[in-house]
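The values are calculated or read from the model by the stated rules, or taken from the named source; none is laboratory data. Keep in mind that what you see is a predicted model, and the values were worked out from it rather than measured. Counting neighbours? That spans all protein chains shown, and the Cβs are built from the backbone with ideal geometry, glycine included. Just the protein is used for accessible areas: all its heavy atoms, side chains included, with ligands, DNA and RNA removed. Shrake-Rupley method; radii C 1.70, N 1.55, O 1.52, S 1.80 Å.
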Amino acid sequence: MDITIGIVGIILAIIIAIVPFLWKKYIERPEVTIEIINNRGSSSPKGFSSQNTVNDDGYIDGNSAIMIFELTWNFNIRITNNSDLTAFYPILNFNPNGPKFTLIDKLNALQPIKSADTIELKFEYRKYEEKSGKERTLVGIEMPEEFTDLGLLLAYQNSHKRNFYTLYDFNENRSVFLRKKPIEYRS
């Protein structure tokens, strides 16, 4: 009976010692969130569209003319570590099926994101549209239609080299913490 109690005590001691190690290695993770902040943009006319018709006098009516507009949206991606753990080797991936950006700041994968640190990256999205001046998209107010497919995946590791992921969903404006890389981001 004493031997059984001793064996059970040793087994419990081993389990109690292993649980915190396994917790730190496989379960404990940095919680890194992503936000997108609209920094306005611009809508500049680039010229008349070929869709315009010439009137009898050989002119195009400027008040109702269809113009080509270059629409530019400027955004900041704010990445914040909201945990006590450092996130190592961060890599930001955009949804391969989503919109393509014209200018993106690079995230330094060798610079860890420490506890309570915030990193801001600038990015720009540009597209062209053919509309009259009254119908053109209001860049400062409206978001691009293509952003319904926008997704950002931030991959990072804990101090034990275990991979974790934060997926930002633009439609729901929230960060989702994942343990596995989503299929659409695998290459």
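Note on Arg40 and Glu172: the extension gain reaches 45.5 nm, defined as 0.36 nm multiplied by sequence separation minus the Cα-Cα distance. Surface composition of segment 12-76: carbon and sulfur atoms hold 57% of the protein heavy-atom accessible area at a 1.4 Å probe. Remark: segment 23-134 carries a charge dipole of roughly 520 debye about the Cα centre, counting +1 on each Lys and Arg Cβ and -1 on each Asp and Glu Cβ. Per residue, the chain exposes 64 Å² of accessible surface when a 1.4 Å probe is rolled over the protein heavy atoms with every protein chain present. Between the amide H of Lys131 and those of Met67, Phe69, distances stay under 5 Å, these residues lying 5 or more places away or on another chain, with hydrogens modeled in the peptide plane. Dividing the mean sequence gap of close Cα pairs (under 8 Å, 6+ apart) by how many residues segment 123-187 holds gives a relative contact order of 20 percent.
Apply 1/(1 + (r/R0)^6) to the Cβ-Cβ distance of Ile104 and Ser64, taking R0 = 35 Å, and write down the FRET efficiency to the nearest 0.05.
0.40
Among residues other than Asn63 whose Cβ falls under 15 Å from its Cβ, what is the net charge (Lys/Arg +1, Asp/Glu -1)? Around Asn63, the charge tally is 0.
Contact order, relative form, for segment 58-165: 39 percent (alpha carbon pairs under 8 Å, 6 or more residues apart, mean separation divided by residue count).
How much net charge surrounds Phe177 when only other residues with a Cβ under 10 Å from its Cβ are counted (Lys, Arg +1; Asp, Glu -1)? Net charge in that neighbourhood comes out at +1. Across the options Thr148, Asn158, Tyr185, the greatest Cα extent toward the positive end of the charge dipole of segment 127-187 (unit charges at beta carbon of Lys, Arg, Asp, Glu) belongs to Asn158.
Taking the Cα centre of the chain as origin, work out the dipole magnitude from +1 charges on Lys and Arg Cβ and -1 charges on Asp and Glu Cβ, in debye rounded to 20.
Result for the chain is approximately 1000 debye, rounded to the nearest 20.
What residues of segment 57-82 lie in the reach of a label at Ser132, counting those whose backbone N is under 15 Å from a point 7 Å from the Cα along Cα→Cβ? What the label zone holds, given the 15 Å backbone N cut-off, is 60-68.
Of all the accessible heavy-atom surface of segment 94-163, with the other protein chains kept in place and a 1.4 Å probe, what percent is carbon and sulfur? Each step should come with its number before you reach the end.
Numbers: 2020 of 4260 Å².
Ligands and nucleic acids excluded, carbon and sulfur give 47 percent.
Stokes-Einstein diffusion of the chain at 4 °C, 1.567 mPa s viscosity, Kirkwood radius from Cα pairs, rounded to a whole number: 64 µm²/s. For the chain, build the charge dipole from Cβ charges (+1 Lys, Arg; -1 Asp, Glu) around the Cα centre, then report which of Ile10, Asn93, Leu107 sits farthest towards its positive end. Of Ile10, Asn93, Leu107, it is Ile10.
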